[in-house]
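Some notes on the structure that comes next.
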Amino acid sequence: MASNNTSSPPAPKICDKSSSPLLSSLPIPQNINVVSTPGNDTSWPGMVVCCTPNPVQIVNGCYLWCEVPARYFNGTSSRDAESDVMSCVMRNANDEDGGRILGVAFNAAPRVGAVKWMGVWGLVVSGVVFAM
């Protein structure tokens with residue numbers, strides 16, 4: 001006799017979009033710049049548009065996050081970059097999602113800027129060595 005052991009997929013987790021934990025309490029990298037919001041739909045336009053080219057990821061079943069793209073740091077302060085990324089997410093959110101709480105944590109210098117700075121520093125040092 002064959003066993004008919006079928007089960008239905010689990011119901012989607014219902015997430016409270018009106019609160020967000022401290023980003024440092026979530027199991028996400030703490031050495032990068034991140035933006036996070038409650039939710040579990042990694043195709044949510046508010047995050048997809050503003051995180052590209054970085055992927056939107058989900059943690060603990062109820063929080064979306066991504067590494068903040070380097071484009072937000074083009075000649076701006078961290079405060080301006082934070083404001084820009086938060087404005088982008090809210091501008092691209094669906095009307096019914098306008099009440100989401102956003103979290104942004106800038107834990108590191110933007111990688112592209114750091115690489116450019118190291119390149120400039122290398123040129124300066126090599127120029128000084130060459131002049132000697």
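The values are calculated or read from the model by the stated rules, or taken from the named source; none is laboratory data. Note that the structure is a prediction, hence the values are computed from the model and not measured. Because the Cβ atoms are built from the backbone with ideal geometry, glycine has one as well, and the counts that use them run over all protein chains shown.
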Worksheet, complete the sentence: LEU64 vs (1) crowded, with 17+ Cβ neighbours inside 10 Å; (2) modelled with pLDDT under 85: all pass except (2)
Fill in: Subset of the range 83-121 [outside any helix (DSSP H, G or I), surrounded by 12 or more Cβ atoms within 10 Å (Cβ to Cβ) and at pLDDT 70 or above]
ASN92, ALA93, ARG100, ILE101, LEU102, GLY103, VAL104, ALA105, PHE106, ASN107, ALA108
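Please enumerate the residues belonging to the range 1-33 that are touching a Cys at 6+ places or on another chain (Cβ under 7 Å) and either modelled with pLDDT of 70 or more or β-branched (Val, Ile, Thr) (or both).
The one that is touching a Cys at 6+ places or on another chain (Cβ under 7 Å) and either modelled with pLDDT of 70 or more or β-branched (Val, Ile, Thr) (or both): CYS15.
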